[in-house]
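Take a look at the structure below.
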Amino acid sequence: MSSEFDGLIGRVSRYIIDHPDDRDWWERGPALVGLQRFEDPEANRVVERWIDRAVARQSSAGYLANDERDYLGSGHVRVFTPSPANASSFGVALLNVYRRTREQRLLDAALLHAEALLAAKRTRDGGIVARLEAPELWIDFAYLMAPFLTLLGCVTGRAEFLDEGARQIEVMAKHLVDPHQNLARHVWCETPDHYPQSTFWARGNGWLVAGLVDVIEMKPDHAAADRLCELLRRVLTSLRERQDRSGYLRHVLDDPFAPFESSGTLQYAYAAAAAARLGLVESGFRDSAIRAFRVVADSVGADGGVPAVALPPGGPGVPFGKAPFAQGFLLLAAFELQAELRR
């Protein structure tokens, strides 16, 4: 089993390495962190090159990697002019490299991006908007933004970053997590007050639980930690209740005929396994995480690509394919579960 496991990790990693693309900027963040987990020398060199590229492309507005408007062919939006929240997806990988190398230019780049992020447009209660077209909060940024702010606070000792990381998750949860279903909707717009994308989308909930477990592990003694832990337990429990007997989560969690979706399933596997390791949920969540991981891992072909991924912006009506973030979460979940998977 150990050789099978190593072969899978090698194929999935190779797929990431062999598909560099400046245009998939925000999608690549989780893939970089996934590569870093296994501390493979070649993978680390590749990650460092991509981080160098993100710093080299840091815009006049301070955004890491890319601040370009995106035009989408499907889903609930067609135009996405990003706030700095999107490019924050590179931040954790960048800070991981900084912690190893202590290159001041990397920390300077992180701080420049954070300055742009803290100055970004917000909702009235302080949520950093996702795109400049509307005062919207997207649940995606519980992972793509909050762990960067938290880790930057840990690295610099600056409380404002730690507080902002927790605050952003709590503001998103206030508007997007349904108190009866304990699941997150995708997008909330402040004015007019409505949900442009209101479904309980699997990857949206995956972004939330993955972001929560990372933020809690980075700063377990933060004043908001108990509230974040309670939120994590509620959403993980609701996800486990909706897990199909196959191990998958469905693309829309409460639609019994929605297709199975790989990236949200892997995010759940990662967060459930990590939360159990940290003692935040009972140990049985690891069994659920293993089922989620294995059903997706068994679908990975010889090329190492993870199939059956709902493409951005996610939600009903989008095509399925392959995407860097799914590759990254397979690696992250595998790292968390390797003790069991190597047997």
| How many percent of the accessible area of the range 127-198 is carbon or sulfur, using a 1.4 Å probe? | 49 percent
| message | What are the ³J(HN,Hα) couplings of the range 269-286, residue after residue, when phi is run through the Karplus curve with 6.51, -1.76, 1.60 and θ = phi - 60°? Round to Hz, x for glycine and proline. | response | 4, 4, 5, 5, 5, 5, 5, 5, 4, 7, x, 8, 9, 6, 5, x, 5, 5
| said: In Å², and per residue, what accessible area does the range 205-340 have when probed at 1.4 Å with the other protein chains present? | reply: 34 Å²
| note | For the range 57-162, Rg(Cα) over 2.2 N^0.38 Å is 1.08
| note | For the range 182-266, the convex hull over Cα atoms projects on average to an area in nm² of 6.4 nm²
| How much area per residue is accessible in the range 28-81 when the probe is 1.4 Å and only protein heavy atoms are counted (Å²)? | 46 Å²
| query | Just A159, A210, A269 to compare: in a GNM of the chain, with alpha carbon springs under 10 Å, which one fluctuates most? | reply | A159
| remark: Taking a crude spin-label model, label points 7 Å out from Cα along the C-beta direction, the R342 to R102 distance in nm is 3.0 nm
| field | Charge context of G62, other residues only, Cβ under 13 angstrom, K/R +1, D/E -1 | value | -2
| said: Relative contact order of the range 212-343, please, whole-number percent, based on alpha carbon pairs below 8 angstrom and at least 6 residues apart. | reply: 22 percent
| task | Report the extension gain between D6 and D287 in nm, rounded to one decimal, defined as 0.36 nm multiplied by the number of residues separating them, less their alpha carbon distance. | result | 99.1 nm
| note | Share of accessible surface on carbon and sulfur in the range 218-257, whole %, 1.4 Å probe and ligands ignored, is 48 percent
| field | Distance between modelled label sites at A223 and H19, nm, 7 Å Cα→Cβ extension | value | 4.3 nm
| query | Relative contact order of the chain: what whole-number percent is it, with Cα pairs under 8 angstrom and at least 6 residues apart? | reply | 20 percent
| What is the spread of the Cα atoms of the range 181-328 along each of their three principal axes, largest first, in whole Å? | 43, 42, 26
| Relative contact order (percent) for the range 64-223, with alpha-carbon contacts under 8 angstrom and 6 or more residues of separation? | 20 percent
| query | Which of rounded, prolate, oblate describes the chain, given a ≥ b ≥ c as roots of the alpha-carbon gyration tensor eigenvalues and a/c under 1.5 marking rounded, otherwise prolate only if a/b is larger than b/c? | reply | rounded
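The values are calculated or read from the model by the stated rules, or taken from the named source; none is laboratory data. None of these values were measured; they are calculated from a predicted model. Positions of Cβ are generated from backbone atoms using ideal geometry, with glycine treated the same way; all protein chains shown enter the neighbour counts. Quick note on the areas: whole protein, heavy atoms, side chains included, nothing else; ligands and nucleic acids left out. Shrake-Rupley method; radii C 1.70, N 1.55, O 1.52, S 1.80 Å.
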